[in-house]
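The values are calculated or read from the model by the stated rules, or taken from the named source; none is laboratory data. What you see is a predicted model; the values in this text were computed from it and never measured. Glycine also receives a Cβ, built like all others from the backbone with ideal geometry; neighbour counts cover every protein chain displayed.
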Amino acid sequence: MRLRLGLLAAAAAVTVLALGTANAKEFRYSTTGDVLGLDPHSNNEGPTNTMKGNVYGRLVHRKPDLSLEPDLAVSWDNIDEVTWRFNLREGVTFHNGNPFTADDVVFSLERQQQENSDMAFAVNTVKEIKKVDDYTVDLITNGPDPILLLNMPNFYIMDKEWVEEHDAFEVKRDYSTADYAQVNANGTGPFKVVEWVPDTRLVLEPFEGYWNKDGIMTNITRAVFTPISNDATRVAALLSGEIDLMYPVPLQDVRRVNADANSEVMEGPELRTIFLGFDQWRDELMDMPGTGQNPFKDKRVRQAFFQAIDIEAIKRVVMRGAATPTGLMVAPGINGFQEDMNERASYDPEAAKKLLADAGYPDGFPVTFDCPNDRYVNDEEICTAVVPMLERIGIDVTLNAQTKSLHFKKIGLAENNNTSFYMLGWTPGSYDSLNPLMQLMTHPDKAGHGDWNSGRFSHPRVEELTEMIKTEMDPDKRMGMIREAFQIHQDEFGHITLHQQALAWGVRNDTVEKAIQRPFNDVDLRYIVMK
Amino acid sequence: MFAFIVQRMFQAILVMLAVALVAFSLFQFVGDPINNMVGQDATEEQREALRERLGLNDPVPIQFAKFVINTAQGDFGVSYRIGQSVDVVLADRLPATLELVFVAAILALLFGVPMGIYSGLHRDSILSRLFQTISLIGISLPTFLIGILLILVFGVWLQALPTFGRRGLIDIGGWDTGLLTIDGWRSLILPATTLALFQLTLIMRLIRAEMLEVLRTDYIKFARARGLKNRAINYGHALKNTLVPVITIMGLQIGSLLAFSIITETVFQWPGMGLLIIQAIQFVDIPVMSTYLVLIAFFFVMINLMVDLLYFVVDPRLRGERGGAH
């Protein structure tokens, strides 16, 4: 009996295999971790947001070159300083067949604005939303908001009827019960979720009723996303042809993937800026108890640290060339990036020593260096390289490299920024400089500010400028203010800017015709074409 | 016998409570799950509110007490990372791990026992020396290296077997099995071999050593003197007497296979409990970690119980006594 069952199963497997080969446009891809659920309003995490973008529609869509294009809104207009009118697309349906109307937009905004929603930041300047008619809505902001539009690609539209039917309005983050929308999806996007087995596979198929079916370049008929956490296994899966695309390629394997005739590495700049920060608020450095001194309050000491770091050596040796050194806290492509200001202060250990002596620390001082070891590309290796560079100018550095769960807890506000010198990386979710100004360069005293300004850098003029940048509607004036704020931050050596790490995707060139890489390191299935 | 089993069940509960208590004291050092759960743009108020809702601000004894009370009522909590009930998540992973461990254990016994007997009986033959060499590799190479080597050879160079994952699944009454399809077996071979190799060498060496020991004893000499056939002596008398320590070790080893298939599962992206726990640790997914540890403690106690019962089958001397001797 058992044998017969086995034979039957084998026959079934062969049939499935045969079907599989006929279905030639299957795209299989992989990255390190699984999505954190399908609810578009619950989590705010890179790979999760990308998957939402495949499934859910937004009013405005961000293209790979970071420019905006209409999605569910056909056009928009600033009626007055605080009112944005969006004209919605007609004839759009959700995956379950329900029509898309203004009610869904109003409902989705209310859902995304809940306190438990991690995506609330994208719509928190909206005071009120008004349905004008079935295909027109007005968004009224609580003050002029120059970057509302830039945040719109983070505003996901759900089907009101579907959510209410499953009683899933509330974004559940109390972890007492599971959230229906976390494991089921119904959007207006080009792909619908067929199956999700957490940590194993997420299967998508094109949505036949997608409004822009002929307007997107992809030709895939099925996409299978598999998280593979182990780097070596992920590389092996690509080289053996079991997956068509994977990222990131570990830097040490780039050459090996390129050496394979059927695969290659696509490289490109990423938007994340990696930097170091100093404690600039305690009166006494934690590593110097009893002295009553905090050397980092002196600009010369911060400059000495900056100039002691040989960024080219880090790029060449630690990053194997896969990094772009930066002098600014934002990457090219972020609104507010200043091309001519991106130059770093020169590497000059002698000058650094002199600066330290001038500041009154000719023999250096002790400091603990907090670093994550599983968050950014070669994070611990970068920190390990920084230690001897600082020791060369006399600083006694103790490296404290640990897992991200411990690192972010230690440097965060929860432990009252329990750090003197730390590493952090940042990508502004809004693609605008206001976000890093608020989160990294202004004091945490004000609500919504300085949540990750772990060294509490603060400058009165930067605080003032940030307030003005929030509401300045004239793009040129606003750019001038951003420029001034960045100039002050640079002159003050508020942080040590290091680099933007490079993206490295491994792609099979025997199955993938074309894949467009977006600088936010994710795979938007709209831009994948198979052979 | 019944009293013996009941007593063991009682012990199991004590062991599980102790494991949970130790686990909860350790969680304080794993880090803060909050920053993994919310995005970078969440405000400090949102973070603090979430921490409060999850009860992470409570002292350890309170957190532990809440866990015990909820677990006793069958509520294992919701995974911080996946957002699904922990019992559902674990039940999804259990078949993958059990099948992997089961096949690995069978492989280890199927090859380890005959190889051990053979090299015990013919200690100087070339084949025995070959077995010894292989066993040296199995004992000394770390699991992840064996796994990666197998992937490289059979997956990348020969392209004969899949390099990752579990395929060819058929649902039988809620149990996803990969044992009924060719695809399922193809994806199972490499991880099962990786996991089995160490156990195989252990069993082989153990049986070889025990056989050599037993063959020197007087009763084997008397058996030979009585003119019994070699077959009867080797299998009827010698092998049977080597089995008690082998069963003990195998029982312990199956427990560790279950608990420590972590490395094999990570290397092969095998969607079992080992992979789940390693991801839970990285994310500080406390509900998954605590339930997993308690479950593994339960498995260990159960396996030990089974081993004790097997002694009665193998060793006739024990059958005369009452189970209370333990």
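Residue count for the stretch A:350-368, restricted to those that are free of Cβ contacts under 8 Å to residues at least 60 places away in the same chain, buried (at least 17 other Cβ atoms within 10 Å of the Cβ) and under 30 Å from A:Gln402 (Cβ atoms): 3. For the stretch A:183-193, the condition of being of a type in the set (Phe, Trp, Tyr), more than 13 Å from every other protein chain (Cβ to nearest Cβ), buried (at least 18 other Cβ atoms within 10 Å of the Cβ) and in contact with a strand residue (DSSP E or B) (Cβ under 7 Å, 6 or more places away or on another chain) holds for at least one residue. Checking the structure you have, find out if any residue of the stretch A:502-520 is assigned to a helix (DSSP H, G or I), out of contact with any Leu (no Cβ under 8 Å at 6 or more places or on another chain) and either among the basic types (Lys, Arg) or in contact (Cβ under 8 Å) with a residue 40 or more places away in the chain (or both). No: zero hits.
Contact map, the stretch A:107-123: first residue in the same structural domain as A:Ile147 (by TED's automatic domain parsing), second residue part of a helix (DSSP H, G or I) and among the acidic types (Asp, Glu), Cβ cut-off under 9 Å, separation 6 or more or different chains; pairs are A:Phe107/A:Glu164; A:Glu115/B:Glu45.
For residues that are among the hydrophobic types (A, V, I, L, M, F, W, C) and either closer than 18 Å to B:Ser79 by Cβ or part of a helix (DSSP H, G or I) (or both), tally how many sit in the stretch A:23-73. Total satisfying the criteria: 5. Taking the stretch A:224-335 as the region of interest, none of the helices (runs of 4 or more DSSP H) fully inside it holds 2 or more residues being of a type in the set (Asp, Glu), in contact with a Gly (Cβ under 9 Å, 6 or more places away or on another chain) and within 13 Å of chain B (Cβ to nearest Cβ). Kindly check whether there is at least one residue in the stretch A:194-211 that is within 28 Å of B:Ile286 (Cβ to Cβ), in a loop (DSSP other than H, G, I, E, B), modelled with pLDDT under 95 and of a type in the set (Lys, Arg). No: zero hits. Checking B:Ile249, B:Ile278 one by one, the residue that is within 14 Å of another protein chain (Cβ to nearest Cβ), within 28 Å of B:Leu200 (Cβ to Cβ) and surrounded by fewer than 19 Cβ atoms within 10 Å (Cβ to Cβ) is B:Ile278 and no other. There is no residue in the stretch A:114-123 that is more than 14 Å from every other protein chain (Cβ to nearest Cβ), buried (at least 20 other Cβ atoms within 10 Å of the Cβ), closer than 23 Å to A:Tyr431 by Cα and out of contact with any Cys (no Cβ under 8 Å at 6 or more places or on another chain). The listed residues are B:Val267, B:Val284, and the only one of them that is more than 22 Å from B:Gly165 (Cβ to Cβ) and within 14 Å of chain A (Cβ to nearest Cβ) turns out to be B:Val284.
So that you can scan it fast, the table gives a plain yes or no per residue for (1) away from every other protein chain (no Cβ under 13 Å); (2) within 16 Å of the chain's Cα centre (by Cα); (3) not aromatic (Phe, Trp, Tyr):
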{"site": "A:Asn43", "(1), (2), (3)": "no, yes, yes"}
{"site": "A:Met51", "(1), (2), (3)": "yes, yes, yes"}
{"site": "A:Val60", "(1), (2), (3)": "yes, no, yes"}
{"site": "A:Leu66", "(1), (2), (3)": "yes, yes, yes"}
{"site": "A:Pro70", "(1), (2), (3)": "yes, no, yes"}
{"site": "A:Glu81", "(1), (2), (3)": "yes, no, yes"}
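Of the helices (runs of 4 or more DSSP H) lying entirely inside the stretch A:382-474, those containing at least 1 residues that are away from chain B (no Cβ under 14 Å) and buried (at least 20 other Cβ atoms within 10 Å of the Cβ) are A:460-471. State whether one or more residues within the stretch A:77-99 are part of a helix (DSSP H, G or I) and either among the polar types (S, T, N, Q) or in contact with a helix residue (DSSP H, G or I) (Cβ under 7 Å, 6 or more places away or on another chain) (or both). Among the residues of the stretch A:77-99, not one is part of a helix (DSSP H, G or I) and either among the polar types (S, T, N, Q) or in contact with a helix residue (DSSP H, G or I) (Cβ under 7 Å, 6 or more places away or on another chain) (or both), which makes the answer no.
Of everything listed in (1) more than 20 Å from A:Thr188 (Cβ to Cβ); (2) touching a Phe, Trp or Tyr at 6+ places or on another chain (Cβ under 8 Å); (3) assigned to a helix (DSSP H, G or I), the single unmet condition for A:Phe121 is (2). For B:Glu213, are the conditions met, namely being out of contact with any Lys or Arg (no Cβ under 8 Å at 6 or more places or on another chain), crowded, with 19+ Cβ neighbours inside 10 Å and acidic (Asp, Glu)? It is false that B:Glu213 is out of contact with any Lys or Arg (no Cβ under 8 Å at 6 or more places or on another chain), crowded, with 19+ Cβ neighbours inside 10 Å and acidic (Asp, Glu). Taken residue by residue, the stretch B:129-149 has at least one member that is among the aromatic types (Phe, Trp, Tyr), within 14 Å of another protein chain (Cβ to nearest Cβ) and out of contact with any strand residue (DSSP E or B) (no Cβ under 7 Å at 6 or more places or on another chain). Here the helices (runs of 4 or more DSSP H) wholly within the stretch B:10-80 that include at least 3 residues being more than 30 Å from A:Ala122 (Cβ to Cβ), out of contact with any Lys or Arg (no Cβ under 8 Å at 6 or more places or on another chain) and within 14 Å of chain A (Cβ to nearest Cβ) are B:60-72.
Residues in the stretch A:289-296: is at least one more than 16 Å from A:Met389 (Cβ to Cβ), surrounded by 17 or more Cβ atoms within 10 Å (Cβ to Cβ) and touching a Pro at 6+ places or on another chain (Cβ under 7 Å)? Scanning the stretch A:289-296, I find no residue that is more than 16 Å from A:Met389 (Cβ to Cβ), surrounded by 17 or more Cβ atoms within 10 Å (Cβ to Cβ) and touching a Pro at 6+ places or on another chain (Cβ under 7 Å), so the answer is no.
Filtering the stretch B:81-91 to residues that are within 10 Å of chain A (Cβ to nearest Cβ) and either surrounded by fewer than 21 Cβ atoms within 10 Å (Cβ to Cβ) or among the basic types (Lys, Arg) (or both) leaves B:Arg81, B:Gln84, B:Ser85, B:Val88.
Applying the condition of being small (Gly, Ala, Ser) and over 18 Å from A:Glu463 (Cβ atoms) to the stretch A:475-504 and asking which residue is farthest from the chain's Cα centre (by Cα) yields A:Ala504.
Restricting attention to the stretch B:150-162, the residues being in contact (Cβ under 8 Å) with a residue 24 or more places away in the chain, assigned to a helix (DSSP H, G or I) and within 8 Å of chain A (Cβ to nearest Cβ) number 2. Among the helices (runs of 4 or more DSSP H) confined to the stretch B:224-314, the ones with at least 2 residues that are farther than 19 Å from B:Val15 by Cα, among the β-branched types (Val, Ile, Thr) and modelled with pLDDT under 85 are located at B:240-259, B:286-314.
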